[in-house]
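The values are calculated or read from the model by the stated rules, or taken from the named source; none is laboratory data. If you're wondering where the values come from, they're calculated on a predicted model, not measured in any experiment. Glycine also receives a Cβ, built like all others from the backbone with ideal geometry; neighbour counts cover every protein chain displayed. For accessibility, only protein heavy atoms count, side chains too; no ligands or nucleic acids. Shrake-Rupley method; radii C 1.70, N 1.55, O 1.52, S 1.80 Å.
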Amino acid sequence: MTATEEAAAQDLDLLRRWNATLLAARAGREGPDPAPYGRDLLGRWAEPQRRYHTVTHLKAVLDRIDELTDQGGEGGELELVRLAAWFHDAVYRPDRSENEERSAHLAERALREAGLTEHEVAEVARLVRLTVTHDPAPGDLNGETLCDADLAILATDTDTYRGYTAAVREEYALVPDDAFREGRAAVLRRLLDLPRLFRTPYGAAVWEEKARENLEAELAELTAD
């Protein structure tokens, strides 16, 4: 299978997952065909300015949500969490600071039209906005699941982590090296200052130690003389 064929197969699988998620969230209520919304989102995740925040990242977050669920997830409104994963970087421009807010607005418009209730729309938008800080309140099961899944890349093996950081640097290619190092170091320090990176029991047990090891190693490289 060629790379193009693999990408097409991945998109087809993701579209199937999107359709199933939206239909499950609607719980039998009438609404428009989910597929056009899914295709629009996939097109957004495939925009040329992206290097890390791509369809591959979307799939990884959805897979980690499934992993957390399979490993005894604490509950929550999982279909809404999955919808939030689809929207959390749907609007992404490296040169803008309001990506999460614009992504949340997109979710509000699209999901209201797609047949979700006002509570459901508001919850998905809240979760998207939560990915600015990745700091859900205690007991926020939906927020814990989404944030842990989004941050799971931090706990990967060294080579995968380096690939992630290289892709992030490519997204910010227009930023001079000194400014990038300063900004990236601030992000890493903010994450390391969190009492816990991962809030679900599984994430805390399986991902926390490796993630901190990766973050500390990257921060040391960025701040070395």
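Measure off 7 Å from each Cα along the Cα-to-Cβ vector at T165 and R189, then give the distance between these two points in nanometres to one decimal.
Modelled inter-label distance: 1.7 nm.
If each DSSP helix of 4+ residues adds -39,500 (n - 2.57) and the sum is divided by the residues in the chain, what number results at 222 nm, nearest 500 deg cm²/dmol?
-22000 deg cm²/dmol
With just the Cα atoms defining each centre, how far is the stretch 143-195 from the stretch 1-64? Give it in Å.
Their Cα centres are 23 Å away from one another.
Given that compact globular proteins tend to follow 2.2 N^0.38 Å, what is the ratio of the alpha-carbon Rg of the stretch 120-220 to that value?
1.13
With N set to the number of residues, divide the alpha-carbon radius of gyration of the stretch 160-201 by 2.2 N^0.38 Å and report two decimals.
Ratio of Rg to 2.2 N^0.38 Å for the stretch 160-201: 1.38.
Compute the normalised compactness of the stretch 1-87: alpha-carbon radius of gyration over 2.2 N^0.38 Å, N being the residue count.
Taking N as the residue count of the stretch 1-87, the ratio is 1.14.
How much accessible surface area, in Å² rounded to 10, belongs to the heavy atoms of D157 with a 1.4 Å probe?
For D157, the solvent-accessible surface is approximately 80 Å².
Give the Kirkwood hydrodynamic radius (Å, one decimal) of the chain, defined as one over the mean of 1/r across all pairs of different Cα atoms.
Computed over the chain, the radius equals 18.2 Å.
What residue among G143, G203, G28 has the largest mean-square fluctuation in a Gaussian network model of the chain, using Cα springs under 10 Å?
Answer for the Gaussian network model of the chain: G28.
As an exercise, identify the trypsin sites (Lys or Arg not before Pro) in the stretch 1-109 lying in DSSP coil whose Cβ has no more than 11 other Cβ atoms within 10 Å.
R29, R96
What trypsin sites (Lys or Arg not before Pro) in the stretch 119-225 are in a loop by DSSP, with at most 16 other Cβ atoms within 10 Å of the Cβ?
Hits after loop and neighbour filter: R196.
Could you give me the radius of gyration and the Dmax of the stretch 65-163, taking only the C-alpha atoms into account and expressing both in angstrom?
14.0, 43
Could you work out which residue, out of L22, L12, L191, moves most in a Gaussian network model of the chain, that is, has the largest mean-square fluctuation with Cα springs under 10 Å?
The residue with the greatest mean-square fluctuation here is L12.
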